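What follows is a short report on a single structure.
Where a number appears in this text, it was derived from the coordinates with a stated rule and is not lab data. Bear in mind the structure is a predicted one, so any value in this text is a computation, not a measurement. Positions of Cβ are backbone-derived with ideal geometry, glycine not excepted, and every protein chain shown enters the neighbour counts.
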Amino acid sequence: MARGARLLLVLALLAALLAVVLQLYRLRKPGCITGICFWKFYRFAGKLIGRYYDSQGNPTKYLKGVEMKAKRGAQLLEKQKSDEAKIPGCNSKWSQQEGGEVWCDTGYPRLVRRPGDIALTGQVSQRNAER
């Protein structure tokens with residue numbers, strides 16, 4: 001395969017992967033993003049020499065970095081789940097006559113900050129404690 005054709009193939013694959021990751025992120029299902037690392041039905045066709053594998057098929061420092069970040073992301077998701085389990089959800093009700101109402105147990109905030117999201121989005125996010 002010519003060098004230019006190989007480059008176009010790699011760029012097309014990376015663009016497709018990026019599109020999938022962005023779509024999953026927009027759906028706000030972080031568990032699906034980590035699932036990309038564990039595709040089960042991938043038919044092995046070889047290793048592409050380049051950023052992630054050298055000419056002997058050995059992982060490069062870039063691949064090791066990606067794997068390390070994926071592992072850290074999984075740890076952050078587990079921590080986020082355990083943190084959210086510690087905060088009770090708020091209650092809500094709605095009727096046409098009275099409108100809507102949201103209340104939380106005394107001592108718990110209605111708006112919860114989530115600093116763990118800074119690793120995923122670069123920002124501290126917030127969520128309603130209402131589930």
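Estimated at 0.36 nm per residue, the fully extended path between Ala12 and Lys93 surpasses their Cα-Cα distance by 24.3 nm. As a calculated quantity, the FRET efficiency between Lys69 and Asp105 at R0 = 41 Å, using C-beta atoms, amounts to about 0.65. Under 5 Å between amide hydrogens, built in the peptide plane, is the criterion, and for Thr60 it picks out Tyr53, Asp54 among residues at least 5 positions away or on other chains. Annotation for Ala45 and Tyr62: the two label points, set 7 Å from Cα along the Cα-Cβ direction, are 1.9 nm apart.
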